[in-house]
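Just below is one structure, and these are the notes that go with it.
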């Protein structure tokens, strides 16, 4: 039996969730630890995280929103046609929606503070941070890493749920 259009969309949705999860995991498990190496100057740490956050806002946030909307669409469609898969996609939505709230309260304040530090260094002609500010930046990067874990775990779980729905 040939796959249906819906099955192709299911595959694309599942792969998009897995990609989003993997990309977010790279930030947390690879990029930020590289920035935290002792030889990386504070100016580079702040500038790189600020740039990373800018790119994330440009590409990851819209894609996250689209995936959340897609999960609602899958839920509604599955329910409307009497397909038992609606519960899987409702669970995907339930896993994705808290990410936005988590980002607003747990990650964005860190992003904003690091951006302030970056602006401070740029206005000062690239002057280095003092020792206390460098410690604060290090703590902010550590906290960002911990808080950002949610950003890859929940879409990863949603990808697993979506893959499970495809096997039904």
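Going from the residue with the fewest nearby Cβ atoms within 10 Å to the one with the most, 51, 148 rank 51, 148.
Computing Rg and the Kirkwood Rh from the Cα coordinates of the chain gives a ratio, Rg/Rh, of 1.11.
Going by neighbour counts of Cβ atoms within 10 Å, the residues 152, 13, 108 line up, fewest first, as 108, 152, 13.
Against the chain, whose longest principal axis comes from its Cα atoms, helix 5-26 is set at around 20 degrees. The alpha carbons of the range 114-168 stretch over 59, 19, 10 Å along the principal axes, in descending order. Would you mind checking the tilt of helix 86-102 against the longest principal axis of the Cα atoms of the chain, expressed as 0 to 90 degrees and rounded to 10? It works out to around 10 degrees.
Normalising the Debye intensity of the range 72-120 to I(0), with uniform scatterers on Cα atoms only, and taking log10 at q = 0.14, 0.23, 0.25, 0.31 Å⁻¹ returns -0.52, -0.76, -0.82, -0.98.
Please compute the contact order of the chain in relative form: average sequence separation of alpha-carbon pairs under 8 Å and at least six residues apart, divided by the residue count, as a percent. Relative contact order comes out at 43 percent. With everything on Cα atoms, drop me the angle between helix 108-123 and the longest principal axis of the chain, reported from 0 to 90° to the nearest 10. The helix 108-123 is inclined about 40 degrees to the chain.
The numbers here are math on the coordinates, done by the rules we state, and not lab data. It should be emphasised that the depicted structure is a prediction, and the values quoted were computed from it without experimental measurement. In this analysis, Cβ positions are derived from the backbone assuming ideal geometry, glycine residues included, and neighbour counts consider all displayed protein chains.
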